[in-house]
Amino acid sequence: MARLIAVVGAGPAGMAAALAAADAGAEVVLVDAAPRVGGQYHRQPPPGLADQHAGPGFARLEAELAGHPRVRHLAETVVWALEPRPGGHRLHLRTGPADSPHRTARVLDPAALVLATGAHDRALPFPGWDLPGVVTAGAAQALAKGQRVAVGRRVLLAGTGPFLFPVAQSLIEVGAHLVGVLEANRVGATAAGWLARPAALLAGRAKLPELAGYLGLLARHRIAYRTGHAVLAAHGTDRVEAVTTARLTRDWRVVPGSARRIAVDAVCVGFGFTPQLELAVAAGCDLDATGTCVRVDIAQATSTPGVFAAGELTGVGGADLAAAEGRVAGASAARHLGLAVPVPRAALRQVRAGRGFAAALAGAYPVRPGWRSWLTEDTLVCRCEEVSYGALCQAVRQRAALGGRVLRLTSRVGLGPCQGRICGRNAAELAEALLCRADQRPPLTPAASARRPIAAPIRLGELATTPTEPSEHGFASTDPTDRSEA
Amino acid sequence: MTPEADHRGRPGPSTGDAGAPQVTVDGVAVTARTGQTVAGLLVSAGRTSWRSTRGGGRPRGLFCGIGVCFDCLVEVNGVPDVRACQRLVADGDDIRTAPRPRPAAPGGPAGDGTRTGEA
């Protein structure tokens, strides 16, 4: 269908994009894996557990999407593959309970595509990080906000960046005893990152009351917020029972004699975010210089005609920036279809200010190279394939691994079911450091691990029932009732 | 396991959830909460791990919590490799965890019981 726009991801960016495109006259299909819109940011407790009020802004957005005559929300739907076709791309979808073999198959041939696939937590490896009870900050947040369950009773939260604060708040709200929040970056280093960009600091001033609120919350609950500290190791046999924490130098090496052991039953770690790049990479979109984000122009257009991107996929900057980018991307996608769309000036201004803030954020809370010194020979780098740091070193040094693919095949790093989503960036950095030490090798590109022809898991039986052509509505489906709702 | 009596979070509003899914976990009948994920059900019952790895037989449970890492795999209604953090509990579900196997003899296999078809 000539006016069909597919928006993938229903977080702040995708919701805004869907509304902007539909308001401009396009027919929009909003695809998301969750049962409700909102993404990780606006994660909602299920109706039976709704004891937490979502902001009125979110409720309005959700109602607006649900009531819009030109928006169709496909919940519990994954895009498992994206393939080029003449004049655009074809999306292969599955709708139904997660990982069920009985999901409904659909094929979608949109005239334009907005990718708003978001990001997941970056976890750095350290000894014992594979013990049960060690989870990402995002997991603790999802469990607290979406399920009203605390990940443990005595919980330590560690990592870097301001996302640790809302996670701390969520943990407190569900009754966890938070024994501390450890920010790996030191105050001096963080302030230097901010002061290097005074304009961005001004742009982010709206966030200052929010920050003060979080610090006040921690103070009221007598929770220590320690900068320049990290979890060096988790201890236990079948689950985490204690951690060793330590003070860090500016570049995250351990300050000798600063190690402390703390009893915990859960540890939550988050070191920023890794954008979910696979659909963008499958669509041939260029990445930025870091190789971790999709490069977009001022109109949120990627390097691939008809493909737009918004939100954390284009650089991590929070929900407000994501929503502004979504409004721009939705308008641009509608314009790509030939619809008359006014220039979204307010959203463009918000994006420009927000990007400055995001750059300052990245500068203030970097992942510093000293984390590599926390690893021991038997620390797992790849959790799926259980590849240790020692094995990775051996693969890199002795087998003269020449690039990401060779590295994967010689060490099995990233060959497990997560397809390198958790370990890819870490393994690339570790390998690059080893190669630079042994010198002479070209750097590895993290993007190599985002080349995943199967973007979401699908069962072999499902592959056999994949429709080949969309119907006149732009849809093909294995569900006979689907036509009526399309 | 009785999620209503759990010590980990606030007690769930067990009243007013008329359609609360009745499921079994390893054969034991459990009342879940509407909208709960399998991981939410297991963690609220005090479980931290529910499978073990193929190579080292190491226990695993929730890790990323948003469907990315595949650590939390569980068997639902006879289908293996279902991500517990993504799967919503449905009435009548038969949920099977794969507890840690006894340590294998040196050099012996340490299957995790949840994955098939791979060497």
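All conditions but one from (1) of a type outside the set (Phe, Trp, Tyr); (2) closer than 30 Å to residue A:175 by Cβ; (3) away from every other protein chain (no Cβ under 14 Å); (4) surrounded by fewer than 22 Cβ atoms within 10 Å (Cβ to Cβ) apply to residue A:76; the one that does not is (3).
Residues in segment A:100-151 that are crowded, with 24+ Cβ neighbours inside 10 Å, at the interface with another protein chain (Cβ under 7 Å from one of its Cβ atoms) and more than 24 Å from residue B:47 (Cβ to Cβ): 0 in all. Selection of segment A:460-478 for residues being out of contact with any strand residue (DSSP E or B) (no Cβ under 8 Å at 6 or more places or on another chain), part of a loop (DSSP other than H, G, I, E, B) and modelled with pLDDT of 60 or more yields only A:464. Is it the case that some residue within segment A:348-366 is surrounded by fewer than 19 Cβ atoms within 10 Å (Cβ to Cβ), modelled with pLDDT of 95 or more and under 20 Å from the mean Cα position of the chain (by Cα)? No: zero hits. Among the residues of segment A:165-177, those identified as surrounded by 24 or more Cβ atoms within 10 Å (Cβ to Cβ) and touching a Leu at 6+ places or on another chain (Cβ under 7 Å) are A:167, A:168, A:171. Residues that are on the phi > 0 side of the Ramachandran plot and assigned by TED's automatic domain parsing to the domain that holds residue A:284 do occur in segment A:314-326. Candidates in segment B:62-86 are the residues that are charged (D, E, K, R) and surrounded by fewer than 23 Cβ atoms within 10 Å (Cβ to Cβ); of these, the one that is farthest from the other protein chains (Cβ to nearest Cβ) is B:75. Among the residues making up segment B:47-61, those that are of a type outside the set (Gly, Ala, Ser), within 7 Å of another protein chain (Cβ to nearest Cβ) and part of a strand (DSSP E or B) are B:59, B:60. Taken over segment A:89-99, the criterion of being in a strand (DSSP E or B) and surrounded by fewer than 21 Cβ atoms within 10 Å (Cβ to Cβ) is satisfied by A:90, A:95. Comparison of A:226, A:220, A:261, A:250 shows that the only residue that is under 23 Å from residue A:378 (Cα atoms) and either in contact with a Lys or Arg (Cβ under 7 Å, 6 or more places away or on another chain) or in the same structural domain as residue A:130 (by TED's automatic domain parsing) (or both) is A:261.
Yes or no, residue by residue, for (1) out of contact with any Asp or Glu (no Cβ under 7 Å at 6 or more places or on another chain); (2) surrounded by 23 or more Cβ atoms within 10 Å (Cβ to Cβ):
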{"site": "A:235", "(1), (2)": "no, no"}
{"site": "A:244", "(1), (2)": "yes, no"}
{"site": "A:262", "(1), (2)": "yes, no"}
{"site": "A:269", "(1), (2)": "yes, yes"}
{"site": "A:272", "(1), (2)": "yes, no"}
{"site": "A:281", "(1), (2)": "yes, no"}
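The values are calculated or read from the model by the stated rules, or taken from the named source; none is laboratory data. This one's a predicted model, so the numbers in the text were calculated from it and none came from an experiment. All Cβ positions, glycine included, derive from the backbone under ideal geometry; neighbour counts span all protein chains shown.
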